[in-house]
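Working notes for the structure below.
The values are calculated or read from the model by the stated rules, or taken from the named source; none is laboratory data. Remember, it's a predicted structure, so these values are computed and weren't measured experimentally. Here the Cβ positions follow ideal geometry from the backbone for every residue, glycine too, while neighbour counts run over all protein chains shown. Areas reflect the complete protein model, heavy atoms only, side chains present, ligands, DNA and RNA absent. Shrake-Rupley method; radii C 1.70, N 1.55, O 1.52, S 1.80 Å.
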Amino acid sequence: QVQVVESGGDLVQPGGSLRLSCAASGRIFGIYAMGWYRQAPGKERELVAHITHGGVTNYADSVKGRFTISRDNAKNTVYLQMNSLKPEDTFVYFCNIFINGRNYWGKGTLVTVSS
């Protein structure tokens, strides 16, 4: 059984920073791509950032220059450093990891940007 669990969501003021973490655990034989998505109620889930096993990254235009995705392969963990946060970054953030040949989603962590 594989589990993917996000953490780090919080209430933060505009201009502030947060770091999200997502750790995979269980019977893991291979982890490939890792990514962060976000979703507002009633809306489609959208890609925020993605990182390959080799460390190649890509970002949504709305977060380029503000967010940084990274991974620690030894810890089966992916991170999302979020700087210069804006109220429009308020979403539930989900982690997606391709493990043992299939996609796994976490349950999400809420980020609220508000004064």
Residues of segment 75-94 that turn out to be over 14 Å from the mean Cα position of the chain (by Cα) and open to solvent by less than 50 Å² (accessible area, probe 1.4 Å), as a count: 1
Residue, most open to solvent (accessible area, probe 1.4 Å), within segment 98-115, restricted to residues that are closer than 18 Å to Leu11 by Cα and hydrophobic (A, V, I, L, M, F, W, C): Leu110
Where a residue in segment 18-35 is farther than 17 Å from Gly55 by Cβ and open to solvent by less than 40 Å² (accessible area, probe 1.4 Å) and its partner, wherever it lies, is assigned to a loop (DSSP other than H, G, I, E, B) and of a type in the set (A, V, I, L, M, F, W, C), with Cβ under 8 Å and at least six apart: Leu18/Leu85
Matching residues, segment 54-74, being open to solvent by less than 20 Å² (accessible area, probe 1.4 Å) and either touching a residue at least 40 places away in the same chain (Cβ under 8 Å) or touching a helix residue (DSSP H, G or I) at 6+ places or on another chain (Cβ under 9 Å) (or both): Val63, Phe67
Qualifying residues in segment 40-53 (those that are open to solvent by 60 Å² or more (accessible area, probe 1.4 Å) and out of contact with any Lys or Arg (no Cβ under 9 Å at 6 or more places or on another chain)) - the one modelled with the lowest pLDDT: Pro41
